[in-house]
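Data first, discussion second: the structure below is written as structure tokens.
No lab work stands behind these numbers, since they all come straight from the coordinates. Because the structure is predicted, anything quoted here is derived from the model rather than measured. We place every Cβ from the backbone using ideal geometry, glycine too, and count neighbours over all the protein chains shown.
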Amino acid sequence: MPTSPEPPSSFLLDQYRQTGRFPINHNYLQGQFADYDEIFKELALLVERGDFTLGQPVKDFEERICGLTGARFCIGVGSGTDAIFLSLKAAGVGPGDEVITTPYTFYATVGAIATTGARPVFADIGPDLNLDPRKVAEVITERTRAVVPVHWSGLPCDMEPLWELASQHDLKIVEDACHSLCGSYRGRSTGRLGWTGCFSLHPLKNLNVWGDGGFITTDEEEARDRLSLMRNHGLLDRDTCAVWAYNSRLDSLQAVVANHLIDKKLAHITSSRQRNAHRLDELLAGVEEIHLPERPPDRVHVFHLYCFKAQRRDQLIPFLQEHGVDAKIHYPLPMHLQPAAADLGYQKGDFPQAEATCESVLSLPVHEFISDSSLELMAQKIKEFYARPVR
Ligand SMILES: *Cc1c(COP(=O)(O)O)cnc(C)c1O
């Protein structure tokens, strides 16, 4: 492990303040929680009852998620990362096993695999920017136990070929659905496309709370039983521990915030993102230098990110920023080239699609506070950039 002279300081608030200076930005939390008084009132009731741990709000939340996704069961946990980690542990994954995932994801997908003791194995992505099932087939070995497809940016993966591989090789599919709540594949919700579906309630996700939180969905009783134990010390009751386990519960307090959003805002959050994304698709349709990802008609995309590949991306971003647009890169370096992956033995060139994507991808904000005129301005500035002579 590389050592640094000092532990890294928190860069998160600085990051927020930085992006806050752009008139068109990814930073919408103050607007979203402008009605926090209402939530405070609900929290006051919670404090009066002392119902802090796996309380009624968590049960209510789990029920709402079952309603929303159609899943039979939901288990509230501490974060999206824990949702993946606990699912893999519940599937029996551990040291000596291999778990296949995409190198084009957020660090947590790989971190959750590695912390089970299993080896993360990467397979390249396809034109939808998700795991390419043909590449997955190439890296399956005797030791492969699970696949973690990531529904990147909110677009569900092409699941049919993954289901076939899973049944041929007896693999568990653990969906990283952290970007894709309310998305679907052939009429079936994300979170019901694998053995378990893993979601995050992080402040930057589509359904978000005031800190960390996550949940797991499943149709399998066996998974529900194990996971309900594993998030709560393995306890059957106060005095009986069935398995040595973890403490990773969704806080009642955060469940109150999530329930409020599900009841009042989630439909609006989702439909605004979809509407804004479709509008941008139209506005950008004629620009040759940019390349929108595939949007297959059998999938409902929820646009947690609106991302696309662009020529001269590294000049385009500062140009957009100069004009007040918070264009961002999610993310500049694929997982197999991160310092953390050094001991996995991968090299540059191993996953050309993921690498090319990281070198050319950018994201524009499409959240519920982005106006039509902002969408038009973003498209206009992109066109202006490409109309300038290349120097
Ligand atoms: C956010 C995210 C996670 C982790 O969620 P946390 O709640 O922050 O732990 C995992 N995978 C992906 C793709 C994510 O974007």
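Summary of values
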{"quantity": "Sites residue 141 and residue 164 - FRET efficiency at Förster radius 25 Å, r taken between beta-carbons, to 0.05", "calculated": "0.90"}
{"quantity": "Gyration tensor (alpha-carbon) shape descriptor, region 133-288, a/c threshold 1.5", "calculated": "oblate"}
{"quantity": "Mean-position separation - Cα centroids, region 158-177 and region 72-135, in angstrom", "calculated": "12"}
{"quantity": "Candidates 141, 69, 101: whichever shows maximal mean-square fluctuation once the chain is modelled as a Gaussian network with Cα springs under 10 Å", "calculated": "141"}
{"quantity": "Region 330-381-region 194-232 distance, computed between alpha-carbon centres (Å)", "calculated": "26"}
{"quantity": "Cα-centred dipole magnitude for the chain, charges only on beta-carbon of K, R (+1) and D, E (-1), debye, nearest 20", "calculated": "480"}
{"quantity": "Added length on full extension, which subtracts the Cα-Cα distance from 0.36 nm per residue, residue 291 to residue 21", "calculated": "94.4 nm"}
{"quantity": "Cα gyration tensor category, rounded, prolate or oblate, for the chain with a/c compared to 1.5", "calculated": "oblate"}
{"quantity": "Three-way shape label, region 278-380, alpha-carbon gyration tensor, a/c 1.5", "calculated": "prolate"}
{"quantity": "Sum of -39500 (n - 2.57) over DSSP H runs of 4+, divided by residues of the chain (222 nm, nearest 500)", "calculated": "-12000 deg cm²/dmol"}
{"quantity": "Relative contact order %, the chain, counting alpha carbon pairs below 8 Å whose residues are six or more apart", "calculated": "20"}
{"quantity": "Listed residues 30, 380, 56, most fluctuating in the chain (Gaussian network, C-alpha, under 10 Å)", "calculated": "30"}
